[in-house]
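Here is the structure we will look at.
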Amino acid sequence: MHEEMSMSERLIEALNPHTVFTIKLPGIKIPVADVIVVMWVIMAMLIFFSIFLTRKLAAVPGKKQNIAEIIVEMINNIAKDAIGEHHWKAFAPYLGTIFLFLIFANTVSIFNVIPGEGFKFRPPTRNINVTACMAIMSICVVIYAGIRYKKMSGWLKSFVEPIPMMLPFKVLDYGIKPLSLALRLFGNILGAFIVMELIYMAMPPVIPAALSIYFDLFDGILQAYVFMFLTSLYIAEVIE
Amino acid sequence: MLMPEKYTFIFVALNLFILYFFMRKFLFKPVTEFMEKRRNSIDQALKDADQAKLEVAESRKNYEEQIKKIREESDRLMNEARAKASREYDEIIANAKKDALAIVEKGRQDVERERTEMLRQVRQQIAALALTAATKVVQANMDTESNKSIVDKFIDEAGAA
C-alpha cells in the first residue's frame, strides 16, 4: 500500500509523530508517541552502558573503564573550559547528559538496520516539543545557576547591569536563548532528516551511505555539541 | 512535528530528569570522583617519593659529615701522636748528645790531668837527673858559688822548656 503513496505523503508520514500506544488511566488517555519510545530506547541504552562501563573501577583502568574515562573527561574538560575551575562540577553531569542523549537522538536513524516498513528509528529531535522541552530545561538550569551562585539578589541585580535600561533586553534574553536553542536544534535535525528521506526515496539504499555520514552523523553530533556548548556558555555568563 | 503536544513535552521532561539522575549516579559522579581520587593518590605518591628522596639526601649528607668528622678526628690524633713521638725523639737525641759531650769532656779533663801529672813527674826526674849530673860535675871540679848558679839556671831553663 506504501507504493501508492506519493513522495510528499511518505515524507509527511515520516516527519509526523505516530502514536505507538496509549496509556489508559481512569479519566484520561495518554498517547505515547514514537519519539518517546525512541527516547526510551536511547535512555535505556545510555543507562545500560553507563552501568556496564563503570563496573569495578580499578586504579589501572581496563578497556571499558578507559572508554568511560575518556567520555567523562572530555565532557568535564568542556565544562571546565566554559564554566571555570570552581563551579564546573555542578553542571558537568547535566551538560554530559544532554550531550550524550542528543548525540544518540540526532543520529539514531543510522541504526535503522531492519529494511522495509514498520517501526523506524527516527530522531526524536525532529519534533519541536522535544527540542523545546530540552531548551526550557537548559534555561531552567541557567536560572538555577544564577540564583545559586549569585544569590537571588545578585541574579536579579544582573538584570539592570550595567545600566537599568538593559532590563527589557535582559528579560528578553531569557526568552530568546531557549527559543534559539530549540529552533536551531529542531531546524538542523529536521532539515537533515528531510534531505536524507528524500535521498532514500530517490536512490537505492547503498549510495546514500556517504551522504548519511554527513547529514545523520556529522550534523547530528555537531548539533549535539552546539546545544551543550551554548548551554555551558549561558551558565558561564550568568555565573560571571 | 510542529504541533505542540503537552504529553510529549511532559514525557520528555520526565525522561530527561530520569536520564540525568541515572547518568549522574552511574557515570559522571563515580568516574569523576574516581579519577580525582586517582589523581590525588598519584600526586600523593609523587610527593612521598620526593620527600623520601629528600630524606635520603639529608641522611646521606649527615653520614658524610660524620665520616668527615671522624676522619678529621683521626687525622688530629695521628698528628698529635706523630708530634709527640718526634718530640720524644728529639729529647732522646739531645740527651744522648749531652751525655756524649759530657763523657768527651771528662775524658779530656782526665787526659789533661794525667798529662799535667806526667809533666810534673818528668820535671822531677829531669831535676833529679840534672842534680845527679851536676853532682857528677861538681864532684869533678865545681864547688864554687858561680858554678852552682849556672846549674840552677840550667835547671830553670829545663823546667821552663
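The values are calculated or read from the model by the stated rules, or taken from the named source; none is laboratory data. The structure displayed is predicted, hence computed values, not measured ones. Heads up, the Cβs are rebuilt from the backbone with ideal geometry, glycines too, and the neighbour counts pull from every protein chain shown. Surface areas here come from the heavy atoms of the whole protein model, side chains and all, with no ligands, DNA or RNA. Shrake-Rupley method; radii C 1.70, N 1.55, O 1.52, S 1.80 Å.
Annotations
- Complete set of residues in the range A:89-114 that are modelled with pLDDT under 90 and within 8 Å of chain B (Cβ to nearest Cβ): A:Lys89
- Residue in the range A:75-88 that is acidic (Asp, Glu), modelled with pLDDT under 90 and either crowded, with 18+ Cβ neighbours inside 10 Å or assigned to a helix (DSSP H, G or I) (or both) present: no
- Answer from A:Ile147, A:Ile189 - the residue that is among the β-branched types (Val, Ile, Thr) and more than 20 Å from B:Thr8 (Cβ to Cβ): A:Ile147
- Residues of the range A:13-29 satisfying the condition of being outside any helix (DSSP H, G or I) and out of contact with any Asp or Glu (no Cβ under 9 Å at 6 or more places or on another chain): A:Asn16, A:Phe21, A:Thr22, A:Ile23, A:Lys24, A:Leu25, A:Pro26, A:Gly27, A:Ile28, A:Lys29
- Any hit, the range B:104-113, residues being surrounded by 10 or more Cβ atoms within 10 Å (Cβ to Cβ) and touching a Lys or Arg at 6+ places or on another chain (Cβ under 6 Å): no
- Being of a type outside the set (Asp, Glu), part of a helix (DSSP H, G or I) and either in contact with a helix residue (DSSP H, G or I) (Cβ under 9 Å, 6 or more places away or on another chain) or at the interface with chain B (Cβ under 9 Å from one of its Cβ atoms) (or both) is not true of A:Val32.
- Qualifying position, being open to solvent by less than 20 Å² (accessible area, probe 1.4 Å), closer than 30 Å to A:Ile194 by Cβ, under 10 Å from the mean Cα position of the chain (by Cα) and without any contact (Cβ under 8 Å) to a residue 12 or more places away in the chain, among A:Thr97, A:Thr125, A:Thr131: A:Thr97
- Of all residues in the range B:148-161, those that are over 20 Å from B:Arg120 (Cα atoms) and at pLDDT below 70 total 0.
- Once the range A:35-64 is narrowed to residues that are more than 26 Å from A:Tyr94 (Cβ to Cβ) and not aliphatic (A, V, I, L, M), the residue that is farthest from the other protein chains (Cβ to nearest Cβ) is A:Lys63.
- For the range A:35-66, the set of residues classified as assigned to a helix (DSSP H, G or I) and of a type in the set (S, T, N, Q) consists of A:Ser50, A:Gln65, A:Asn66, listed by residue number.
- So B:Ala102, is it at pLDDT below 90 and of a type in the set (Gly, Ala, Ser): no
- Within the range A:198-225, tally of residues that are open to solvent by less than 40 Å² (accessible area, probe 1.4 Å) and part of a helix (DSSP H, G or I): 7
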